[in-house]
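Okay, so here's the structure we're looking at.
The values are calculated or read from the model by the stated rules, or taken from the named source; none is laboratory data. Just so you know, these numbers come straight off a predicted model, no measurement behind them. Here the Cβ positions follow ideal geometry from the backbone for every residue, glycine too, while neighbour counts run over all protein chains shown.
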Amino acid sequence: MRYLRVGQVHHLNPAFVPKARQAPPEPPQAEPGPPPPQAPEAATGAPSRGLGDTVAKVLEATGVARVVKAVAGENCGCKKRQEALNRLVPYSESK
């Protein structure tokens, strides 16, 4: 029996194709997914007046606001918190 060296191909086995000669597999076709998420300011269209608006946009973008409204209902106090934070930490307008 004759032994093959590393890199040699056995010519009697037609099913054997060395890895260097094999064609690379086709990449799977990607299905179109949902559109990329928008920035919080772009989603509402209005600039933030203060910290309350920024917190509300972040909570909305991450989905936390949806969970809170599902658990606590529409009267969760979110608007009161938002207005209080806007009064405490208002953003100055740049001129």
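Structure data summary
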quantity	calculated
Some residue of the range 45-55 being at pLDDT below 75, out of contact with any strand residue (DSSP E or B) (no Cβ under 9 Å at 6 or more places or on another chain), closer than 30 Å to Val89 by Cβ and not in a helix (DSSP H, G or I)	yes
Residues being outside any loop (DSSP other than H, G, I, E, B), over 17 Å from Ala46 (Cβ atoms) and not polar (S, T, N, Q) - total across the range 57-95	13
Pick from the range 56-95, criterion at pLDDT 90 or above and among the polar types (S, T, N, Q), ranking: surrounded by the fewest Cβ atoms within 10 Å (Cβ to Cβ)	Thr62
Where a residue in the range 45-64 is more than 14 Å from Arg81 (Cβ to Cβ) and its partner, wherever it lies, is among the aliphatic types (A, V, I, L, M) and in a helix (DSSP H, G or I), with Cβ under 8 Å and at least six apart	Ala61/Ala43
